[in-house]
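**Q** One structure, pasted below without further comment.
Read the figures in this text as sums done on the coordinates, not as results from a lab. Bear in mind that the values here come from a model prediction, so they are computed numbers and not experimental data. With ideal geometry, Cβ positions are generated from the backbone for all residues, glycine too; neighbour counts draw on all protein chains shown.
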Amino acid sequence: MGERPLSPHLGVYRFWYTMATSIMHRFSGLALAFGLIVLAWWLTALANGESAYLAALDWLALWPLKVLLFGLLAAFLYHLACGLRHLALDADLGFEKRQARRSALLTWSVVVIAIGVFGYLLFCPVGMRP
Amino acid sequence: MSLRSPLGAVLGRGAARSGVHHWWVQRTTAIALVLLGLWLLLSLIGLPLGDYAAVSDWVGRGWNPVLLALLAGVAA
């Protein structure tokens, strides 16, 4: 077997938003895999009774972990939007270059808005919301 | 006399073996996770997360434990 030649991939394409869309799907997926561990940890704390749960919440109240949670929310929303785009492409919808570029832009726009909305709903204390 | 049909004898023997299975599993779990993930997100928004009793009750109520278990199983 040995060293088989690989056709050029990473170095030869201009880095553009369409490429970023694709890479972010992979990175957000990785982040979400880690997020699954966070979810398991939170559920375990919940299962272990009130004091364990409140201790877990104390950890999550620290700003680095809040930033982490926000990152996970963003990763989730991005992966969701981009994943739907992928499923559409799998069904052979929007495969033309123009359509693909447009759907990439649409994905980013939807994600930014969704992060704003859900970030606000999840992270702004209930008492402060109008 | 063999009970296998000719088709049964050759399915899966080609070069791709069970290749498409992975692809299909990815797609079905993707759709399941879209629905389950959105459900979790929307549920978490409505929950008073600081209140242990409320969250604990929510986990046990109605379809919630089933959906949570499905989410954990499908995601992993």
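**Q** For chain A, modelled as a GNM with alpha-carbon contacts under 10 angstrom, which of A:G35, A:G119, A:G11 fluctuates the most?
**A** Its mean-square fluctuation being the largest, the pick is A:G11.
**Q** Also: Say we join alpha carbon atoms closer than 10 Å with springs in a Gaussian network model of chain B; which of B:R61, B:R17, B:R27 then has the biggest fluctuation?
**A** Per the Cα network of chain B with a 10 Å cutoff, B:R17 tops the list.
**Q** Gaussian network model of chain A, Cα springs within a sub-10 Å range: biggest mean-square fluctuation belongs to which of A:F27, A:F15, A:F76?
**A** Maximum fluctuation in the GNM of chain A, among the listed residues, is at A:F15.
**Q** Nearest 500 deg cm²/dmol is fine: what mean residue ellipticity at 222 nm does the protein assembly as shown get from its DSSP H runs of n ≥ 4 alone, each adding -39,500 (n - 2.57), divided by its residue count?
**A** -25000 deg cm²/dmol
**Q** Remind me, what semi-axes does the protein assembly as shown give for its equivalent ellipsoid, largest first in whole Å, using sqrt of 5 times each Cα gyration tensor eigenvalue?
**A** Equivalent ellipsoid of the protein assembly as shown: 37, 26, 17 Å, largest first.
**Q** Output ³J(HN,Hα) for the stretch A:37-47: one whole-Hz value per residue in order, computed from phi by the Karplus curve 6.51 cos²θ - 1.76 cosθ + 1.60 with θ = phi - 60°, and x for Gly and Pro.
**A** 5, 4, 4, 4, 5, 5, 5, 5, 4, 4, 6
**Q** Using a 7 Å offset from the Cα along the Cα-to-Cβ direction at both B:W39 and A:L105, what is the distance between the two label points in nm, to one decimal?
**A** 3.7 nm
**Q** I would also like to ask the following. Using the Kirkwood formula on the Cα atoms of the stretch A:25-82, what hydrodynamic radius do you get, in angstrom to one decimal?
**A** 12.0 Å is the Kirkwood radius here.
**Q** Please pull out the direction-averaged projected area of the stretch A:30-130, using the convex hull of its alpha-carbon atoms, in nm² to one decimal place.
**A** 8.5 nm²
**Q** Residue-wise, which Karplus ³J(HN,Hα) couplings in Hz belong to the stretch A:88-104, taking 6.51 cos²θ - 1.76 cosθ + 1.60, θ = phi - 60°, and x for glycine or proline?
**A** After applying 6.51 cos²θ - 1.76 cosθ + 1.60, I find 4, 4, 4, 7, 6, 9, x, 7, 5, 4, 4, 5, 5, 5, 5, 5, 5 Hz.
**Q** What is the Cα convex hull volume of chain B when expressed per residue in Å³?
**A** Residue-normalised Cα hull volume stands at 132 Å³.
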